[in-house]
Every structure is written in C-alpha cells, then in structure tokens.
Amino acid sequence: MAQKLSHKRTFDLRLATLTFLYDAHDDAIDQAIVIYFKAPHSFTAEDVVEFQCHGGSIVAGIVLEALIYHGARLANPGEFSKRAFLNGRIDLSEAEAIAALIETKSVDAAKMLTRQLKGELRDFVLHVRELLIEILAFVEVNIDYAEEDLPLNMIENIRAKLDILAKELLKTYESSKRRQGLIQGFKIAIVGKPNVGKSSLLNTLLSYDRAIISDIAGTTRDTIEEELRIGTHLVRIVDTAGIRQAHDVIEKIGIERSIAAIEESEIVIALFDNSMPCDNEDKEILTLLQNYAESKQILTVLNKIDLPNQFDTQHLGSNFIALSCQNDSYELTQKLEILLDQTTIDDSIMLTSARQIEAVKKAYENVLNSYKLLGEGELELFAFHINEAIHSISSITTAFERDEILEKMFSSFCLGK
C-alpha cells in the first residue's frame, strides 16, 4: 500500500519517511509521513504501515479512498486490538484498558487504566493463579490418601495459603467496587424532603439552571442526572424527588427512584431547610440514611442559612455544612473534593470492568468453599473448587469461550482501534 500510494519502492523499517501520496489518477493528494512496521514489531504483530497525513477530514478522506481503491478496507470496531490479542501482543485485561482509556473523561481513570495497560492486573492474575496451581498440585498428588494420613503441617500450610488468597481477592473485589466511579464518574445523590432546595443546589453546583425551581413542594417528580468535574474527578450528580409520604402514583415512583439513587451512589448529600423546623419527614430521612452510614459517604447540609433560623441543628450533630444555594457552594465543593481524593488514593489493584469484578468474586467464593472442604476430608471436591477458582481468575486475561467473548468485547471499541 505504501508503495502504491507513494510511488516509492523501499521504506526503512520503523523510520519516518516524508513522501507525497497519489490517488488513482496519479494526482498528488498530500505530503505525508509513512512508517513501515514489519511483523512482529508492530501493535498487532503483523505487517503494518502507518500514514500520518495532514489534519482535517477532507485530506484523510481522500487518502482513505486511495487506500480502498488499491484493495484496503476499513477496519471493524476494535479490529486492531482484537488482532493484537489473537497474536499474543496483549491480553484481555489490556484490551479492555485500551477501550476504556479511549472513552475515559477522567484524569484519575486514565492513570488507573494506564497501570492496567502496563500489565499490573496481568501480574496479579499470574500471582493468584500460580498459588492456586501450587495448592492444586499438592492435592492431586495426595488425593488417593485419606486426609488423616496427611501430615498436619501440610494441611495447615494449605490453609494459610488459602487464607492469604481469600484476603487478597476480597480486598481487590471490595476496593474495585468502591472505586467503580473512577471509570464512569462517581455518583452523588442529593436527597431531602420536598422544597429544601435540592434543585437549587444542583443548579449551583452546575453553574447553570438545569432543574426547574419552584416554591411548590414536589416539583421534581423524577431524578435528574448531570455530569460535572470536581477537582480532577468526574462525577454524576443526581437531583432526586423529595422523600415523603407519596400523594399519588407518579410521586411514589419518583420517591422509589430517589431511594434507588441513594443505593447506587458513592456519596449522598442530605439536605435540610434552615428556615423550617425539623419535622417528622426530616427525621425519617435521617433514620433512612443511618442504614447507609457504613457503605456511603454522607454529607449533611443545612440550606437557606440566609433566612431566619427555625431548624434545630441538634438533630444534625456537629459535623454539617451550612450554606445558601443563593450565594455559593464553595465549602461543599471543597468537602466533596476531599472525599473524592480519599476514594482514589488507593494503590491496590483496580478491576475496571464488570466482567473482571465478577471473575474475582467467583474466584473468591471458590477459594472460600475449598477452605471449608479442607477440614472435611473431601479432597476431590476441594480440587474441583480450586480448579473453578483457577478458571475464574484466568478468564480476566484469557478467553475460554473465545468467539462469544471476543465478538462482544471488541465490537464495543471505537472504529479503527
């Protein structure tokens, strides 16, 4: 292709060559840089030629037309990455990192995905797999012996290794679940009873009017979700319907979605109205949020402090933020940034897809099952669960149901990558 478009006969390997490119009519269409990568020294481990033409869709389009005329075709979504995987240049986790890195909108996510692209997750998988195979090898050798005939120190040694494995897998699973917002954006739900200023707070954080504001309670009947950046972090902030005893079916559905938004969020902003006394609806929200005290970061905010105080702040404790959405939300934004910083400061392995998280979860469950069976003399069943754990952890980097997994994964890539 490079020879046909440039009329040059030879190209130095992996060196940039400045040359004119010509179309089917021998008209010069661009002056470009051409680089020839000979297999296996390319991303796909195949012969690859790279054309670096001038920017703009017109020039690039003309060059593509010339390439297609000479027999090339457009790449399918993810085809280059798929070829790289099939040729052993990258594993599945690295392929997923490439796809996510292209789509990411967050600096934090980009850094995390680059770590995965460098092979951090692959090394973790190899470490876990080697330990499991070591345990399995011992069991396979001794499977014909009754457990009581095995040296006690050997059994205790296996238990110790399984305990270490279980802790590593659980830590990786929980840490990854907690930091899922790194990829898609951390979810922050604003909750409170009707008319406490949830929509006003959303508009203030966004710096534009996204939600309709009204003095009529219950104006927001559904959740409203928008993206914004807080510091270096991408967040998805959700304005929810006011939580109270529903007056109609539509409001009931809106309140149910508000509860769902709390459950799906990493951070919850609980909003209360300084200009109104603390009533049963406020107290019910405080009680509701106690159920999430361990699993969520909850920020208590007293709004409308520009109005005369009517709210008894003893119900909120000492750790709350007081503000007026009519002025600014600087203190709240600063607090949110601190919480988000704390969430991302974690050097543990990060699983970046639901597929990876599910694989580690299954591996963990099988390790736990094998741990229990070791004390029951069921060595064959023990070996089965160890094998299942090996299969689960290996699936992070290796495709077993090859065609189905690969087609689903690579079809979601952007064109050409």
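Any read-out appearing in this document is the output of simple, stated calculations on the displayed coordinates, not a laboratory observation. Small disclaimer: the values here were computed from a predicted structure and weren't measured. Heads up, the Cβs are rebuilt from the backbone with ideal geometry, glycines too, and the neighbour counts pull from every protein chain shown.
At a glance:
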quantity: Highest-first arrangement of 307-320, 121-134, where packing means the average Cβ count within 10 Å; calculated: 121-134, 307-320
quantity: Greater than 29 Å apart at Cα, pairs in Lys171/Lys193; Lys167/Lys198; Lys187/Lys362; Lys82/Lys167; calculated: Lys171/Lys193; Lys167/Lys198; Lys82/Lys167
quantity: By average C-beta atoms within 10 angstrom, highest first, the peptides 230-238, 22-30; calculated: 230-238, 22-30
quantity: Contour excess over end-to-end distance, with Cα ends at Lys38 and Lys171 and 0.36 nm allotted per residue; calculated: 43.6 nm
quantity: For peptides 263-275, 58-70, sequence by mean Cβ density within 10 Å, most packed first; calculated: 263-275, 58-70
quantity: Extension gain (nm, one decimal) between Glu130 and Phe20, 0.36 nm per residue minus Cα-Cα; calculated: 34.3 nm
quantity: Spin-label model distance (nm) - Glu263 vs Ala60, 7 Å beyond Cα toward Cβ; calculated: 4.3
